[in-house]
1. Is there any pair with a first residue in the range A:54-73 that is under 25 Å from residue A:150 (Cα atoms) and a second that is of a type in the set (D, E, K, R) whose Cβ atoms are under 8 Å apart and which are 6 or more apart or on different chains, and what are they?
2. State all residues of the range A:197-217 that are more than 21 Å from residue A:359 (Cα to Cα) and part of a helix (DSSP H, G or I); if no residue qualifies, say none.
3. When you go through A:115, A:134 one by one, which is the residue that is in contact with a Ser or Thr (Cβ under 7 Å, 6 or more places away or on another chain) and either farther than 18 Å from residue A:182 by Cα or surrounded by fewer than 20 Cβ atoms within 10 Å (Cβ to Cβ) (or both)?
4. Give the residues of the range B:40-65 that are within 8 Å of chain A (Cβ to nearest Cβ) and within 27 Å of residue A:151 (Cα to Cα), sorted by residue number.
5. Across the range B:1-39, which residue is surrounded by the most Cβ atoms within 10 Å (Cβ to Cβ) among those that are in a loop (DSSP other than H, G, I, E, B) and within 11 Å of chain A (Cβ to nearest Cβ)?
Amino acid sequence: MSIDILVSLIKPLLVLGIVLTNTIILIWLERKVVAGMQSRVGPDRAGPFGILQTLADAIKLLLKEQILPLRADKAMYLLAPIIALVPSFLIFMIIPLGPGFDLTIGGETRFINLVGADINVGVLFFLAISSLAVYSVVLAGWSSGSKYPLLGGVRASAQMISYEAAMGLSLVPVILYSGSMSMSKIVESQSGNLSSSIPVIDSIVRFIPNWNVFPQFLAFGIFFVASIAEVNRAPFDLVEAEQELVGGFHTEYSGFRFAMFFLAEYINMFNMCAITATFFLGGWLGPTFSGIFPPLLSAMMPTIWLGLKTVGLLFVYFWIRATLPRLRYDQLMELGWKRLIPISLIWLLVSAIVLGIRDFGLPWS
Amino acid sequence: MTEILLFAIPAFFIILGALIVVFAKNPVHNAMGLVLTLTSLAIVYITLNATFVAMVQMLVYAGAVMTLFLFVIMMIGVDKPDQSKESIKGQSLLISGTLIILVAIVLFVILENGLNWALFFPESENIIDGTPSLIAGVMFTSWVLPFEIISILLIVATTAALALAYEFKKSDSND
């Protein structure tokens, strides 16, 4: 019993540590990658390769004066940054980081699974919590008592509702294909390699891992586009379009409260990439090289694989940001409602029919 | 003890949120109070082993419906305090009367049973996990007809909303 409580206490602390360290590296990585793509140097003063730049920025923001606008709605103004941070930490809790291991303390052996909370409706939890994240943006925009943040807030609520529908619909075929809503079960269902009943195709696809991205490529595309819109990244960053809205919903925020929004945005981005990797790229699955690598490194390989996949997706995020111009507002809405949602509905229908035939045979046979 | 704590903390926030909904002057504060109530209610569902219902509650009510409420409040600009006036004659009297009756019933039940905790936490013989597959199994076999009727009802409602909101162009040649 006491070990259970200890584990439940240690897990959130570990998540906090992992998430905050990740963010520091992530912000540095983005600045370096985008700088490289734009033929600049990027941060290079603080620490080796400028890796301590984010830390310096964070300390600067911590020490800055926090301004409370006169026309602000005080309670909501103070609440909004907190609402921004809480969901981002909660979502990280459901990402499976590895296969789990047996831990023996004082002669008592216990199975520790490397996930904050392994709930049987993990997919729904992810969607539910990410739908709560809208409130931070809306409230921040409204409570600032200023025009630009309000416009940013209104844009955010419309955008996030639209793209959440597409995101949720694109996940349904994945759930159907994996047969479970639990995140760890979805990862386990992607183990092994692809196979086919037709020998010719089988000999080709035998070497491709059984990741959801191959059978569910369209769902992956929709989910990826919708996830970029959901975390308000370029080219869907109309919420904080610098050229139109100054800073968008966080224009009036300064000091540490601004840092909280900034932190939440990067945590959300990391979460989104880790979740995309979990749903479509096999999560922590990958060769562990047991016997070749030392045992400890071999045991850590699943987590390293998940990290590599996540960083790869993050690189694509940065790449897109450095390449594509921002969408116009009506184009954004059109893409969401007239393209992504109908395509995901049709894809859901097609996957359901194909899976039905695979599992139950043709209806007339 | 854990059960009482797990119930008492969300219950406190449910009541707090409900009070904010009733007493806060600003419509945005009212909406956020309702979000607090709905989210805390989801926690109570989780303690009752109904994780699926809890997640749907968060996703649909706390997430989608309340965001739309907030969106409308912000868009049509009623986000200013003190717009309270009675639209139905004597509505505050009617509502307070109903409330008093409800509270009286609850108090009567509590006093009759002498603050018996077993009344609030009944011992269940067989605990059923509200998994999605269980709910789907029941919904698509025994209750498939009501399910389909509700889906038709929703489609009709959506079409009706579209027909009301969409401006049909009479003829394009006139202008």
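1. Sorted first by the residue in the range A:54-73, then by its partner, the pairs are A:66/A:257; A:67/A:252; A:68/A:74; A:69/A:252; A:72/A:252.
2. Residues satisfying the conditions are A:200, A:203, A:204.
3. Values: A:115 fails: either farther than 18 Å from residue A:182 by Cα or surrounded by fewer than 20 Cβ atoms within 10 Å (Cβ to Cβ) (or both).
When all the criteria are applied, what remains is A:134.
4. B:58, B:59, B:62, B:63, B:64
5. Taking the candidates together, the pick is B:26.
Taken together, the values in this text are just the output of simple stated rules run on the coordinates, not laboratory data. The model shown is predicted, which means the values in this text are computed figures rather than measured ones. Every residue, glycine as well, gets a Cβ built from its backbone with ideal geometry; the counts of neighbours run over all protein chains shown.
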